[in-house]
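Have a look at the structure below, then the notes.
Read the figures in this text as sums done on the coordinates, not as results from a lab. Every value quoted in this text rests on a predicted model; they were computed, and no experiment measured them. Cβ coordinates were reconstructed from backbone atoms using ideal geometry, including for glycine residues, and neighbour counts include every protein chain displayed.
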Amino acid sequence: MFNIKKILIKEHLSEPLRHLYSHTILKGLANGLLGFFVPLFLFNIFGNIKAVILYYLIVHAITLILRPWATKFILRFDLKKLMIVATIFIVFYLIILNQFKIGESNFYLIGLAILSIVIYRLVYWVPYHTEFATFTEKHYRGRELSMVQAVVSLLGIALPAVSAFVIIKFGFGWLFMMVLILHLLSTIPLFKIPSKYEQYEYDYWQTWKELFSKKNRGLLLAYFSDGFQSSAGYVIWPIFIFLLLDGEYMSVGIISTLIILVTVVLRLIMGDMADHKNKKHLLKYGSWIHAIGWFVRVFVESGFQIFAIGVYHGFSEIIMRAPFDTLMYERAADREHYIDEYTALREMAIRLGRISLLLFAFIVVGLVGLNWIFIVVAFIALLVNFV
């Protein structure tokens with residue numbers, strides 16, 4: 001049975017990990033407030049879904065191209081300082097988004113926004129995952145991971161509804177300001193984490209060679225699948241339900257809140273199982289259940305169906321992600337000196353998946369309904385078993 005008190009005792013949760021938890025929780029609350037309202041904001045600004053897809057496509061393509069160079073450069077510096085600097089760029093990003101105007105070209109603002117979010121992604125994620133893999137304890141990694149995710153979910157249950165209320169009453173500017181403050185607060189615990197340096201061993205072309213090498217084929221396929229699904233869930237699904245609900249921000253927020261409320265406890269249970277059960281078996285069953293959830297989204301036509309499939313998909317995602325994320329940090333930790341190289345390859349595979357989904361969506365949108373994209377996602381979802 002899952003025991004939070006047991007996990008919180010000192011020998012199972014190191015002091016650096018507690019500080020990283022605090023940072024993760026605050027960032028999780030910021031992301032919970034913003035949720036998938038950014039694609040809806042961009043949809044409102046650009047006026048069509050193809051422009052939104054193209055925006056994200058450019059962001060991920062630039063991030064992918066620059067990842068090997070950026071990783072080699074940034075890892076000359078202290079990991080925690082990199083995370084702090086990256087957070088400043090997400091703050092810039094939010095400030096820039098707030099300057100967007102409906103009916104105007106926003107050309108230069110779009111360029112600045114892309115630059116800010118790309119730098120954030122390049123600087124933040126490799127140090128973060130490297131730190132998390134280093135600080136978590138091997139025998140409790142599943143529970144340690146699921147616990148912080150559950151805390152974020154628990155504290156953030158009402159956040160989508162709160163965000164919708166703020167957008168309706170005060171506008172996106174207030175929401176961006178609230179998220180900005182949380183991101184800044186999240187840097188405070190990072191100052192208490194001990195300094196850590198890594199050395200990235202690959203050059204630019206060697207990184208690409210390693211990504212497509214036979215020994216890393218499982219990594220490539222699994223995280224390609226992860227990226228493919230995440231773009232569908234973060235970009236396509238929010239716009240799909242927003243259009244289905246006739247542009248009602250509050251309906252989107254309330255339904256999202258109810259989904260989080262129903263699924264939060266399951267995350268803790270599955271984290272405990274990921275430590276005691278066969279992770280590969282859990283992942284296999286979870287991926288099939290999760291794939292079915294993507295397939296069923298094709299037939300969603302009402303608010304109640306959005307809620308029902310959201311609960312089902314939230315449950316299936318927990319079954320899939322608990323062992324998947326645990327295995328990811330185990331694989332990274334097992335690389336020891338090459339933990340940062342593994343993390344960089346993982347990030348590149350995720351970007352390839354996201355780019356592929358966005359390219360596919362950009363081509364087919366207008367030819368078929370958005371919901372039919374989820375059929376392809378359902379098949380790609382099964383590739384996570386290659387992890």
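Which of the GluC sites (Glu not before Pro) found in the stretch 283-349 are loop residues per DSSP with 11 or fewer other Cβ atoms within 10 Å of their Cβ?
Numbers: sites: GLU301, GLU317, GLU330, GLU336, GLU341, GLU347; in loops: GLU301.
Here the sparse-neighbourhood loop sites are GLU301.
How much length is gained on full extension from GLU137 to ILE95, taking 0.36 nm per residue of separation minus their Cα-Cα distance?
11.3 nm
Calculate the dipole size of the stretch 15-386 relative to its Cα centre from +1 charges on Lys and Arg beta carbons and -1 charges on Asp and Glu beta carbons; express the result in debye to the nearest 20. All intermediate terms of the calculation are to be shown ahead of the outcome.
Values: 32 positive and 24 negative charges, 77 e Å.
So the dipole magnitude of the stretch 15-386 works out to roughly 380 debye.
For PHE77 and ARG18, FRET efficiency with R0 = 35 Å and r from the beta-carbon atoms, rounded to 0.05?
Working: r = 23 Å, r/R0 = 0.67.
For R0 = 35 Å, the calculated efficiency reads 0.90.
For the stretch 274-387, just say rounded, prolate or oblate: build the C-alpha gyration tensor, square-root its eigenvalues into a ≥ b ≥ c, call rounded for a/c under 1.5, and beyond that prolate if a/b exceeds b/c, oblate if not.
In terms of gyration-tensor shape, oblate.
Which length gain, in nm to one decimal place, applies between TYR197 and ASN48 when the Cα-Cα distance is subtracted from 0.36 nm times their residue separation?
Details: separation 149, 0.36 × 149 = 53.64 nm, distance 4.39 nm.
Contour length minus Cα-Cα distance gives 49.2 nm.
Given 4 °C and 1.567 mPa s, compute D for the chain with the Stokes-Einstein relation, Rh being the Kirkwood radius over Cα pairs; round to the nearest whole µm²/s. Walk me through the numbers on the way to the answer.
Numbers: Rh = 21.2 Å.
D = 61 µm²/s.
With labels modelled as points extended 7 Å from the Cα through the Cβ direction, what inter-label distance (nm, one decimal) is found for ILE375 paired with TYR234?
For the pair ILE375/TYR234, the computed spacing is 2.7 nm.
Before anything else, pin down the relative contact order of the chain: Cα pairs under 8 Å, at least 6 apart, normalised by residue count, whole percent. Mind showing how you got there, number by number?
On the way: 570 pairs, mean separation 109.7, N = 387.
Once divided by the residue count of the chain, the mean separation gives 28 percent.
Projected onto the charge dipole of the chain (+1 at Lys/Arg Cβ, -1 at Asp/Glu Cβ, origin at the Cα centre), which of VAL52, TRP125, ILE95 gives the Cα projection farthest towards the positive end?
TRP125
On the principal axes of its Cα set, how long, how wide and how thick is the stretch 201-250? Give whole Å, largest value first.
Computed over the stretch 201-250, the largest-to-smallest principal extents equal 49, 20, 12 Å.
Could you tell me which of GLN206, ALA86, LEU112 has its Cα farthest along the dipole of the stretch 15-386 towards the positive end, charges placed at Cβ (Lys, Arg +1; Asp, Glu -1), taken about the Cα centre?
Most positive-ward Cα: GLN206.
Quick check: net charge around ILE110, other residues with Cβ under 13 Å of its Cβ, Lys/Arg +1 and Asp/Glu -1?
Numbers: positive: LYS101; negative: GLU104.
Residues close to ILE110 contribute a combined charge of 0.
Within the stretch 347-385, list the residues whose amide N lies under 20 Å from a label point set 7 Å along Cα→Cβ of GLN305.
Within reach of a label on GLN305, which here means backbone N under 20 Å from a point 7 Å along Cα→Cβ, the stretch 347-385 contributes 365-379.
What ³J(HN,Hα) values, in whole Hz, does the Karplus curve 6.51 cos²θ - 1.76 cosθ + 1.60 give for the stretch 371-378 when θ = phi - 60°, with x put for Gly and Pro?
4, 6, 5, 5, 5, 5, 4, 4
Under a plain spin-label model, where a point goes 7 Å from the Cα along Cα-to-Cβ, how far apart in nm are LYS169 and LEU261?
According to this spin-label approximation, the distance is 1.8 nm.
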